[in-house]
Amino acid sequence: MELEMHTVNANGAIMPALGFGTYELQGTTAADMVEAALGIGYRHIDTAQAYDNEEAVGVGIAASGLPREEIFLTTKVSPSRFRPNELQRSLDESLARLETPYVDLLLLHWPNPDMPLKDTMAALNDMRRIGRARHIGVSNFPSAMVDEAIRFSDEPLAVDQVEYHPLLAQGRLLNALHGHGMGLTAYSPLAQGRVFNDETLTGIGQAHGKTAGQVALRWLIQQDGVCAIPRSSSIDHARSNFDIFDFELSPDEMRKIHKLSLGRRRLVDPEDSPDWD
């Protein structure tokens with residue numbers, strides 16, 4: 001069975017369901033991995049101002065030789081730069097580092113309780129209106145904050161990028177996002193490697209000739225409105241993560257994996273995190 005990469009339509013943002021994350025990739029490693037990922041077939045690249053690698057990501061994109069319009073590129077604004085004028089300056093700097101006139105998706109990286117969200121959303125809206133960002137959204141926002149962001153936004157929000165993997169339930173947030181026509185982008189989709197030690201994922205993988213990691217990624221992108229952005233510093237691992245389009249999980253297998261999250265805790269939970277769902 002040969003399945004094709006599908007896309008997620010998140011309030012008009014057409015996003016490849018599987019992307020390549022660049023968190024913690026630096027310098028030539030970041031550039032080489034982005035170039036390699038695009039060569040493997042990824043067309044969705046995720047970075048952030050806080051990752052300090054936008055310039056390297058831009059180098060990797062240029063080295064790939066692919067037309068810019070074939071790549072869905074996301075970056076994220078650091079919370080310290082949420083004030084309206086500062087947000088625009090920060091995006092201009094990001095675009096210069098990435099060597100692109102626009103990003104496909106611009107996200108607020110984390111909530112900033114010290115900055116009025118109404119003002120930040122107005123600035124984010126402006127970036128979409130003037131074309132520097134084709135779509136906008138948020139990251140690490142619980143459902144109550146997503147609702148608030150939507151109230152303050154005249155432009156549609158595409159996604160909420162959050163931690164999501166088989167060991168962390170996100171049903172409440174997913175339902176809320178679906179109600180707004182938004183998608184969910186899953187970071188840490190392999191639970192920072194913990195999925196490889198799970199017997200259920202390993203067993204399901206053996207039935208399909210796949211690894212536990214490939215099963216975890218397949219489980220994510222088979223869900224309605226969900227994208228996954230695994231990060232790797234290994235070309236072999238990046239290729240393995242992409243090799244999930246020749247099998248499909250059954251409804252029973254999907255249910256078994258959903259049950260794994262019971263009683264599990266999130267891995268990314270800094271002290272100043274919002275009140276999660």
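Brief remarks on what is shown
- Any hit, segment 191-206, residues being outside any helix (DSSP H, G or I) and modelled with pLDDT of 95 or more: yes
Results for (1) more than 20 Å from G12 (Cβ to Cβ); (2) basic (K, R); (3) in contact with a strand residue (DSSP E or B) (Cβ under 6 Å, 6 or more places away or on another chain), shown as yes or no for each residue.
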position	(1), (2), (3)
I136	no, no, yes
P142	yes, no, no
L157	no, no, yes
Q170	yes, no, no
S188	yes, no, yes
Q214	yes, no, no
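- Considering residues of segment 207-221 that are part of a helix (DSSP H, G or I) and of a type outside the set (A, V, I, L, M) only, the residue surrounded by the fewest Cβ atoms within 10 Å (Cβ to Cβ): H208
- Out of I40, I61, sole residue that is over 30 Å from P116 (Cα atoms), surrounded by fewer than 18 Cβ atoms within 10 Å (Cβ to Cβ) and touching a helix residue (DSSP H, G or I) at 6+ places or on another chain (Cβ under 8 Å): I40
- Of the set (1) within 23 Å of V138 (Cα to Cα); (2) part of a loop (DSSP other than H, G, I, E, B), all apply to L66 but (1).
- Looking across segment 1-37, just one residue is crowded, with 22+ Cβ neighbours inside 10 Å and of a type in the set (F, W, Y), and that is F20.
- Per-region count, segment 248-272, residues modelled with pLDDT of 95 or more and of a type in the set (G, A, S): 1
- Which numbered condition A169 misses (of (1) at pLDDT 95 or above; (2) within 17 Å of L267 (Cα to Cα)): (1)
- Of all residues making up segment 237-263, the number that are assigned to a loop (DSSP other than H, G, I, E, B) and either touching a Ser or Thr at 6+ places or on another chain (Cβ under 7 Å) or without any contact (Cβ under 8 Å) to a residue 40 or more places away in the chain (or both): 3
- Here D198, D224 are screened, and the one residue that is surrounded by 16 or more Cβ atoms within 10 Å (Cβ to Cβ), over 27 Å from A30 (Cβ atoms) and acidic (D, E) is D198.
- With respect to the conditions (1) touching a residue at least 60 places away in the same chain (Cβ under 8 Å); (2) surrounded by fewer than 14 Cβ atoms within 10 Å (Cβ to Cβ), S234 lacks only one, and its number is (1).
- Residue in segment 65-88 that is modelled with pLDDT of 95 or more, within 16 Å of A31 (Cβ to Cβ), surrounded by 15 or more Cβ atoms within 10 Å (Cβ to Cβ) and of a type in the set (A, V, I, L, M, F, W, C) present: yes
The values are calculated or read from the model by the stated rules, or taken from the named source; none is laboratory data. Please read these numbers as outputs of a predicted model, since none were measured by experiment. FYI the Cβ positions are ideal-geometry reconstructions off the backbone, even for glycines, and counts take in every protein chain you see.
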